[in-house]
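The values are calculated or read from the model by the stated rules, or taken from the named source; none is laboratory data. Just so it is clear, the structure is predicted and the values come from calculations on it, not from any experiment. Reconstructed Cβ throughout: ideal geometry from the backbone, glycine too, with neighbour counts over all protein chains shown. Accessible surface is based on the protein model in full, side chains and every heavy atom, while ligands, DNA and RNA are left aside. Shrake-Rupley method; radii C 1.70, N 1.55, O 1.52, S 1.80 Å.
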Amino acid sequence: VQLQACGGGLVQAGGSLRLSCVVSRSIVSIDIMGWYRQAPGKQRELVATITRGGNQNYAEYLKGRFTISRDNAKNTVYLQMNSLKPEDTAVYYCNAQIFTDRNYWGQGTLVTVSS
């Protein structure tokens with residue numbers, strides 16, 4: 001399973017970005033798809049996950065600013081990020097959890113939010 005994340009870039013505070021994660025196989029049977037991020041000098045942390053059944057889970061600190069979604073027909077998971085803040089600056093990683101197999105990670109896409 002290969003994951004290709006894209007959509008990162010430089011944006012001003014208050015702006016929006018949409019990240020995409022394209023998976024090399026059907027995501028219908030992938031148990032959990034998620035986004036994580038790692039800021040410089042910090043540990044990787046959960047941003048959001050979405051289950052095979054469509055249940056979403058978000059980090060508490062996001063307070064409704066981000067939305068995760070999945071398009072099974074396109075084998076793609078999205079992360080819509082609104083009202084971005086400088087503290088959202090990080091490398092964002094796509095993750096696929098297959099309970100009977102293992103975790104898979106994408107290469108990461110850099111999001112930089114300027115103040």
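Observations, loosely collected:
- A viscosity of 0.890 mPa s and a temperature of 25 °C, combined with the Kirkwood radius over Cα pairs in Stokes-Einstein, give a translational diffusion coefficient for the stretch 1-69 of 181 µm²/s.
- Projected onto their three principal axes, the Cα atoms of the chain cover extents of 42, 25, 24 Å, largest first.
- Taking every C-alpha pair closer than 8 Å and separated by at least 6 residues, the mean separation divided by the residue count of the stretch 31-115 gives a relative contact order of 29 percent.
- Percent carbon-and-sulfur accessible area, the chain, ignoring ligands, DNA and RNA, probe 1.4 Å: 47
- Computed from the C-beta positions of Phe99 and Gln2 and an R0 of 25 Å, the FRET efficiency is 0.85 to the nearest 0.05.
- The mean accessible area for residues of the chain, using a 1.4 Å probe and ignoring ligands and nucleic acids, is 52 Å² per residue.
- Full-extension gain in nm, Leu10 to Arg44, via 0.36 nm per residue minus C-alpha separation: 10.2 nm
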